[in-house]
Amino acid sequence: MNAPTEKIVTDVKVLVSDVEELLKATAHQSGERIAAARTRLENALLNARDTALAQARHTVQATDDYVRQKPWQATGIAAGIGVLIGLLIGRR
């Protein structure tokens, strides 16, 4: 995996952990523990969202660069994908 993908995976794991803690805290406790868990959850969500947006922007830029550098290869790839999708849809 590349570094941005690893960062996203790590952020998702932290998010899941925080959600689990929030669920546990709300089942038996109220007050300070819930507020702290919710704050961490909100921060984790914002961080995961920002990381995902940054990765998406990077991917879009890389794709745009590739298409501009190799337009015929990109057209061939797109046509191939179109044919595969057509075959899969046609089987139904």
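The values are calculated or read from the model by the stated rules, or taken from the named source; none is laboratory data. Because the structure is predicted, anything quoted here is derived from the model rather than measured. Quick reminder, even Gly has a Cβ in these numbers, built from the backbone with ideal geometry, and neighbours come from all protein chains shown.
Test of understanding: among GLU42, GLU21, which residue is in contact (Cβ under 8 Å) with a residue 12 or more places away in the chain and acidic (Asp, Glu)? Break it down stepwise before answering.
Working: GLU42 fails: in contact (Cβ under 8 Å) with a residue 12 or more places away in the chain.
Answer to the selection: GLU21.
Looking for whichever is surrounded by 14 or more Cβ atoms within 10 Å (Cβ to Cβ), in a helix (DSSP H, G or I) and of a type in the set (D, E, K, R) here; the options are ARG68, ARG33, ARG57, ARG49. Which one fits?
Numbers: ARG68 fails: surrounded by 14 or more Cβ atoms within 10 Å (Cβ to Cβ); ARG57 fails: surrounded by 14 or more Cβ atoms within 10 Å (Cβ to Cβ); ARG49 fails: surrounded by 14 or more Cβ atoms within 10 Å (Cβ to Cβ).
Only one candidate qualifies: ARG33.
Evaluate the range 11-19: report whether one residue or more is acidic (Asp, Glu), part of a helix (DSSP H, G or I) and surrounded by 12 or more Cβ atoms within 10 Å (Cβ to Cβ).
We begin by selecting, within the range 11-19, every residue acidic (Asp, Glu); these are 11, 18.
Next, only the ones that are part of a helix (DSSP H, G or I) stay: 11, 18.
After this cut, where a residue has to be surrounded by 12 or more Cβ atoms within 10 Å (Cβ to Cβ) as well, the list is 11, 18.
Checking the range 11-19: at least one residue is acidic (Asp, Glu), part of a helix (DSSP H, G or I) and surrounded by 12 or more Cβ atoms within 10 Å (Cβ to Cβ).
Condition check ((1) modelled with pLDDT of 90 or more; (2) under 18 Å from LYS13 (Cβ atoms)) across all residues:
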{"site": "ASN43", "(1), (2)": "no, yes"}
{"site": "LEU46", "(1), (2)": "no, yes"}
{"site": "ARG57", "(1), (2)": "no, no"}
{"site": "TRP72", "(1), (2)": "yes, no"}
{"site": "ALA78", "(1), (2)": "yes, no"}
{"site": "ILE81", "(1), (2)": "yes, no"}
